[in-house]
Amino acid sequence: MTTAQYPDLNGKSVFITGGAQGIGAALVTAFAQQGARVAFLDRAVEAGTALQQQLFQTGHDVTFQAVDLTDEHALVASLEIALASHGAPYALITNAGYDPRYDILKMTTNEWEHLFRLNVGHYFITCRTCLPSMIAQRRGSIIMTSSANIWLGGEGLACYSATKAANMGFVRSLAAEVGRHQIRVNSVAPGWVMTERQMNTVATEADRAWLVEKGQLLPYLLQPADMAPTFLFLASDASRAITRQTLLVDGGLTKG
């Protein structure tokens with residue numbers, strides 16, 4: 001797959017949450033390959049450490065911090081370390097999220113609230129912590145990871161879809177609030193991406209066949225690396241006139 005090069009990303013500071021695995025790992029790799037100085041956060045210690053070492057050995061400037069993103073104090077402390085070492089982010093990507101399946105009649109209030117803490121709350125805390133430095137530098141791009149499930153829905157995904165719809169609302173309002181500081185706010189809504197977790201625990205062989213044959217307009221399975229070019233574009237000056245948007249990257253799965 002050919003990836004465009006964005007010279008303005010070279011040497012710039014990029015923060016990514018949920019960067020150790022799946023789409024996040026593809027983003028960390030893609031931004032590092034653009035020459036960005038990447039700081040990423042994730043609770044997956046082993047995967048995050050391995051990715052950092054792999055990219056460091058190939059000459060890329062990447063740092064990893066292990067943190068529970070639902071722990072506000074720990075998250076703020078980690079972001080402050082990243083700000084001290086990397087400076088204000090040129091691109092701030094709130095990516096971490098989880099899509100467990102729950103029977104709505106059996107889902108507990110604690111399960112509902114915990115998923116919102118991860119999928120929505122940590123996005124808010126990350127933006128609140130980093131925005132003062134971005135406002136001071138009068139530039140920046142905030143990109144949130146949303147989901148095609150806002151439109152598609154799905155059995156067992158009521159809470160997950162609600163969190164992603166909340167993020168779309170956050171994007172639209174935050175863009176209005178910070179645009180005067182030359183900070184853009186957008187989101188990317190992936191379709192069904194075949195991360196390692198999806199392949200191992202969620203997407204059956206029948207699911208994958210349906211996606212290729214009937215579900216998507218494009219007849220191939222989406223991979224984490226397929227998401228990275230859109231994030232790179234939204235982070236770069238190539239998209240300087242784009243804000244308050246949610247871009248579907250779903251192979252045509254969402255047809256309505």
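The values are calculated or read from the model by the stated rules, or taken from the named source; none is laboratory data. Just so it is clear, the model here is predicted, and its values are computed rather than measured. Cβ: placed from backbone, ideal geometry, glycine included. Neighbour counts: every protein chain shown.
Assorted remarks:
- Segment 117-134 - residue that is over 15 Å from Asp68 (Cα atoms) and touching a Leu at 6+ places or on another chain (Cβ under 8 Å) and, of those, surrounded by the fewest Cβ atoms within 10 Å (Cβ to Cβ): Ser133
- Only one of Leu75, Leu118, Leu105 that is more than 19 Å from His181 (Cβ to Cβ), assigned to a loop (DSSP other than H, G, I, E, B) and of a type outside the set (Lys, Arg): Leu105
- Hits in segment 200-209 (condition: within 17 Å of Arg101 (Cβ to Cβ) and either surrounded by 12 or more Cβ atoms within 10 Å (Cβ to Cβ) or of a type in the set (S, T, N, Q) (or both)): Asn200, Thr201, Val202, Ala203, Thr204, Asp207
- Enumeration of residues in segment 67-81 that are of a type in the set (A, V, I, L, M, F, W, C) and more than 15 Å from Phe15 (Cβ to Cβ): Ala74
- All of (1) under 19 Å from Asp99 (Cα atoms); (2) at pLDDT below 95; (3) not β-branched (Val, Ile, Thr) hold for Met1 with one exception: (1).
- Restricted to segment 181-203, and to residues there that are closer than 21 Å to Ser161 by Cα and assigned to a loop (DSSP other than H, G, I, E, B), the residue that is farthest from the chain's Cα centre (by Cα) is Ala203.
- Residues in segment 32-64 that are out of contact with any strand residue (DSSP E or B) (no Cβ under 8 Å at 6 or more places or on another chain), in a helix (DSSP H, G or I) and more than 12 Å from Gly18 (Cβ to Cβ): Gln33, Glu46, Ala50, Gln53, Gln54, Gln57.
- Close contacts from segment 236-256, counting a first residue that is within 18 Å of Arg139 (Cβ to Cβ) and of a type in the set (A, V, I, L, M, F, W, C) and a second that is surrounded by fewer than 19 Cβ atoms within 10 Å (Cβ to Cβ) and at pLDDT 95 or above, with Cβ to Cβ under 7 Å and a gap of 6+ residues or different chains, come to none at all.
- Gly19 vs. criteria assigned to a helix (DSSP H, G or I) and either within 22 Å of Glu80 (Cβ to Cβ) or of a type in the set (Lys, Arg) (or both): no
- Residues (surrounded by fewer than 24 Cβ atoms within 10 Å (Cβ to Cβ) and either touching a Cys at 6+ places or on another chain (Cβ under 7 Å) or of a type outside the set (Ser, Thr, Tyr) (or both)) located in segment 96-106: Asp99, Pro100, Arg101, Tyr102, Asp103, Ile104, Leu105, Lys106
- Tally of residues being farther than 20 Å from Asn167 by Cα and of a type in the set (A, V, I, L, M) across segment 80-104: 6
- Test: residue in segment 142-159 that is farther than 30 Å from Gly11 by Cβ, in contact (Cβ under 8 Å) with a residue 60 or more places away in the chain and either of a type in the set (Lys, Arg) or not in a helix (DSSP H, G or I) (or both): yes
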